[in-house]
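The values are calculated or read from the model by the stated rules, or taken from the named source; none is laboratory data. On a predicted model such as this, the values are computed, not experimentally measured, just so you know. No Cβ is skipped: glycine too gets one built from the backbone with ideal geometry, and neighbour counts run over all protein chains shown. Ligands, DNA and RNA are stripped out before the accessible areas are found, and what is left, the full protein with its side chains, is counted by its heavy atoms. Shrake-Rupley method; radii C 1.70, N 1.55, O 1.52, S 1.80 Å.
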Amino acid sequence: MSKIVAFRHGRDVVPPRRSNEPQPPLVRIHLLGSMSATSYLGRDVLPRGKRARAILGMLCLEPSVRMPRGRVAALLWERVPDLQARASFRQAFREIMLALGDLAGEVITVDRETIQLNTGPCWIDARAVLSPDTLSQPSLRSDLVELCKGELLEGLDGLSNTFDQWLLGERTRFNERLRVLLETELKQAQGSNPDASERAEIARRLIAFEPTHEGASRILMRALADIGERAQ
């Protein structure tokens, strides 16, 4: 496929999408650690406002779900009248659409009552980390530790009590799913993988996520001993 002209009036031009070819994501969104969003051409498309970022984060964690505008407004503007909350929501959501520019129509579906993130044109780190493809493809494994650094939607605490409660629930669910995934990989490696170096690498991934994980620490020590690195 030929390369696409990069910009129009300082914004990305949406590339033609052919059904018979794998398509790169139009937008890459990082929710772990410092939040970021970049277009496929490297342009920063993250909105500046914290509440706008919170809305984008909510959409990313519930993709392909039509999210009621009123629900989002109530989460983020809990202590203001409904009409004022909805007006504030519209302003924050408009900030997201302006930041996305010409990609907005591809990335987000909007109607009078709901908003929805379209998963097809997006790559989201928190979803990629939990994808079975990440662990089934050796080329992706080395990226897992880097993706796991930082808390989910870091820096967005304190926007409202109800949003904090929602955020705590999302972080708890994400951490539990990731722990199970890493523990399953480590258990499989311990039972069937004779390569001590690879066992050590898998154990380190779990320790990077949970430094006090006793099982991973024991397996790492055994693997290092097998390699001959007893000093470590």
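How about the range 72-103: which of its residues are of a type in the set (Asp, Glu) and free of Cβ contacts under 8 Å to residues at least 24 places away in the same chain?
Restricting attention to the range 72-103, the residues satisfying the condition of being of a type in the set (Asp, Glu) are 78, 82, 95, 102.
Scanning the range 72-103 gives a single hit, 82.
Within the range 130-144, is even one residue at pLDDT 80 or above and closer than 13 Å to residue 30 by Cα?
No: the range 130-144 contains no residue that is at pLDDT 80 or above and closer than 13 Å to residue 30 by Cα.
Scan 178, 186, 182 and give me the residue that is open to solvent by less than 70 Å² (accessible area, probe 1.4 Å) and either modelled with pLDDT of 85 or more or under 30 Å from residue 74 (Cα atoms) (or both). Spell out the reasoning first.
Numbers: 186 fails: either modelled with pLDDT of 85 or more or under 30 Å from residue 74 (Cα atoms) (or both); 182 fails: either modelled with pLDDT of 85 or more or under 30 Å from residue 74 (Cα atoms) (or both).
Being open to solvent by less than 70 Å² (accessible area, probe 1.4 Å) and either modelled with pLDDT of 85 or more or under 30 Å from residue 74 (Cα atoms) (or both) holds for just one of 178, 186, 182, which is 178.
When you check residue 230 against the structure, is it loosely packed, with under 14 Cβ neighbours inside 10 Å, out of contact with any His (no Cβ under 7 Å at 6 or more places or on another chain) and either of a type in the set (Val, Ile, Thr) or modelled with pLDDT under 80 (or both), yes or no? Outline the logic, then answer.
Values: loosely packed, with under 14 Cβ neighbours inside 10 Å: yes; out of contact with any His (no Cβ under 7 Å at 6 or more places or on another chain): yes; either of a type in the set (Val, Ile, Thr) or modelled with pLDDT under 80 (or both): yes.
The answer is yes for residue 230.
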